[in-house]
Amino acid sequence: MLEMARKLDILIVVFCMVVYLRQAYGGRYVMLKDDQDQDDKDEDIQEERTFYAHGSMQMTRELNIGDGKKAWVIDNAILQEDFYPFVEILTQGDKDYTFVHQNYSKTANPASWNFGSAPWLKELDISFFNSTKTWHRVLPMVEKLLKKPVKLQAGTIEYLRSLDAVPPQQHSLCGKDRYILTFFLQDSWKLNSYGQLSFYAMSRNPNMSNESRLEVTETVHPHGFRATLWPACHTVLFRAPSVNFFQHMMQLHVVMTTDLENNDEISTPASGARTMGKVKEDFGSFRFSNKDNERVIDYDKCHKKSYYDKSKNRPIHVYDGLFTTEELHEWKAHIIACNAKLNPFDPAPEEGHDNIQWMEPLNVDNFQETDMWKRMLGFLEHVTNETEWFPYDVALNYVRSGDHSRIHPDSERHQEELTLLLYLTEDFNPNDYAETTWVDIKKDDGVLGYIGPGGEVYETIAAVAPKFGRVALFRGNIDHAAHPPSTLYFGCRYANVIKMTKNRRLAFIKRVYEKMEGADLTPQMQKLSMQLRLGMHDDPLKSKMTLGNLEKLFSKYSLEVSNKEKSYFTELLQQSHQMM
């Protein structure tokens, strides 16, 4: 029996090594696959697996894509040393991303809500791109392939992720004499992660139908540093990544024309996007336009239900009818116009954060100047009998069917904070899911101790449907999660999230130590940051740290972090521009 146990242990170790190696090499048995590849006679497949020497930009495929048109695949279009600063600066800039499907409706004409477009879009600063090393590097190749000089017209940065419904169609940037140069901005891509660019043309198969239909003519697999040049009005499909790819696939579409006299302006759903500075400037000016916006609200009548955490008696209150439909439409339009930022998917098993990938942090100080905050203060006073609530974090969260949000708390266990959710999606029904759930962690029953973080066992306290205009108010240290909508729902689950503390002092304590996370701290300041996080300065009677001190610290580290980001951005610009 002992010998058999030893053999079993050896088998387990070998199995674990095989699994590790398979994961490390993208899920493929590399040696076996390489042996098979030597006998592979499929030229297209062999070409797709070819990696050229660093810096050797080459046109590797000329594609006959149908209707007498051609497209070209250019590998190593971006130098390896330029890739990361180039991608980083594209994701920065002074504008955030526009959610293209924000007007989604199950009953509306699909064209009215941009069905088929990539859901996330930002316009490229074409003057910036015209000055980059990347463009100056690839331009001679482009003009050689087209046998004509070209002029840049526009560009977009787009994101796709798994489950995005994108059909074969003409690109929205279609135009006479236009071509699009599409960069796959992924430094690595697994064979089975999909994301291919396919070209289509009309064809008739008499065995199936006498009518012509779209058929795939050529397909290009995503590669790091790869670009594809193609006629802008050809029917294409940018396939979404597979469900085993949790990040977003980033693409840059650069529009050019061979008509050098053409000065047409190209507009996109993101053309009206405001700069971050303008967003901040305008945000606090929000006012409800309806004449009865200062009406007396019967909060008891609006109260839908309350749930309680059985172990600690922490409440979760649900209210309907605090706002009119007109007020909700105005506020939703106001904050959606601020656009959104992307947070990369975090694959770690710990459930300590929400893993919301798209959100827009809203300016806390300007939020307090809006009619919305005034309305919230009256509501909070009614529910809690306290009047000094102060926000420290305000955001609009976007959750879509392909997202994987997580169970998390909003505050530490010792902090008495509130989180308010205002749901802003208009046409959800029970079959669309998207509930918020609150849960209570159970004592370790042996599972958590065995597999570690990620093995926690929870019981549900409550589940609330995200009805348009509904408000959920709860203690921030209750574990909760925003569930994604059904895969049949192409729109977005919008939730305006407001996190607040009991008073201004506690809010600034929170803001200070969170801002410190992005600063370079001395050992003394690291110690202070930890003290603030642990609540050691919460009580003004026991701490020498005054509210004035906290406000000065927040201003100091806000400026330091801002300058640090500006310096990094300037460095990226210098690396991305053409060296003269």
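The values are calculated or read from the model by the stated rules, or taken from the named source; none is laboratory data. For clarity, every value in this text was computed on a predicted model and none was experimentally measured. Every residue, glycine as well, gets a Cβ built from its backbone with ideal geometry; the counts of neighbours run over all protein chains shown. Only protein heavy atoms, including side chains, enter the accessible area calculation; ligands, DNA and RNA are left aside. Shrake-Rupley method; radii C 1.70, N 1.55, O 1.52, S 1.80 Å.
Of note:
- Whichever residue in region 271-289 is open to solvent by less than 40 Å² (accessible area, probe 1.4 Å) and modelled with pLDDT of 95 or more and, among such residues, is nearest to Q368 (Cα to Cα): F286
- Inter-residue pairs, beta-carbon under 7 Å, first more than 10 Å from R178 (Cα to Cα) and touching a residue at least 24 places away in the same chain (Cβ under 8 Å) and in region 243-263, second aromatic (F, W, Y) and surrounded by fewer than 17 Cβ atoms within 10 Å (Cβ to Cβ), 6+ apart: F246/F345; Q247/F345
- Residue that is nearest to the chain's Cα centre (by Cα) [pool: residues in region 496-528 that are small (G, A, S) and not in a helix (DSSP H, G or I)]: G518
- Some residue of region 533-555 being among the hydrophobic types (A, V, I, L, M, F, W, C), exposed (fewer than 12 other Cβ atoms within 10 Å of the Cβ) and over 35 Å from the mean Cα position of the chain (by Cα): yes
A quick yes/no check of all residues on (1) at pLDDT below 95; (2) open to solvent by less than 10 Å² (accessible area, probe 1.4 Å):
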residue: Q186; (1), (2): yes, no
residue: L191; (1), (2): yes, no
residue: T217; (1), (2): no, no
residue: T228; (1), (2): no, yes
residue: C233; (1), (2): no, no
residue: H248; (1), (2): yes, no
residue: P269; (1), (2): yes, no
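- Residues that are crowded, with 17+ Cβ neighbours inside 10 Å and either at pLDDT 95 or above or touching a Ser or Thr at 6+ places or on another chain (Cβ under 9 Å) (or both) do not occur anywhere in region 291-301.
- In region 359-381, the count of residues that are closer than 30 Å to A165 by Cβ and in contact with a Cys (Cβ under 7 Å, 6 or more places away or on another chain) is one or more.
- Candidates are the residues of region 94-106 that are over 15 Å from the mean Cα position of the chain (by Cα) and touching a residue at least 24 places away in the same chain (Cβ under 8 Å); the one that is surrounded by the most Cβ atoms within 10 Å (Cβ to Cβ) is Y104.
- In region 387-414, the residues that are under 30 Å from P241 (Cβ atoms) and open to solvent by 20 Å² or more (accessible area, probe 1.4 Å) never reach a residue that is among the basic types (K, R) and in a loop (DSSP other than H, G, I, E, B) with C-beta atoms less than 6 angstrom apart, at least six apart or across chains.
- Selection count where residues are in a loop (DSSP other than H, G, I, E, B) and of a type outside the set (V, I, T), scope region 396-442: 24
- Only one entry of T156, T91, T132 meets the criterion of being hydroxyl-bearing (S, T, Y), open to solvent by less than 20 Å² (accessible area, probe 1.4 Å) and under 21 Å from the mean Cα position of the chain (by Cα), and that entry is T156.
- Exclusive hit being open to solvent by 40 Å² or more (accessible area, probe 1.4 Å) and either in contact (Cβ under 8 Å) with a residue 12 or more places away in the chain or part of a loop (DSSP other than H, G, I, E, B) (or both), set K144, K176: K176
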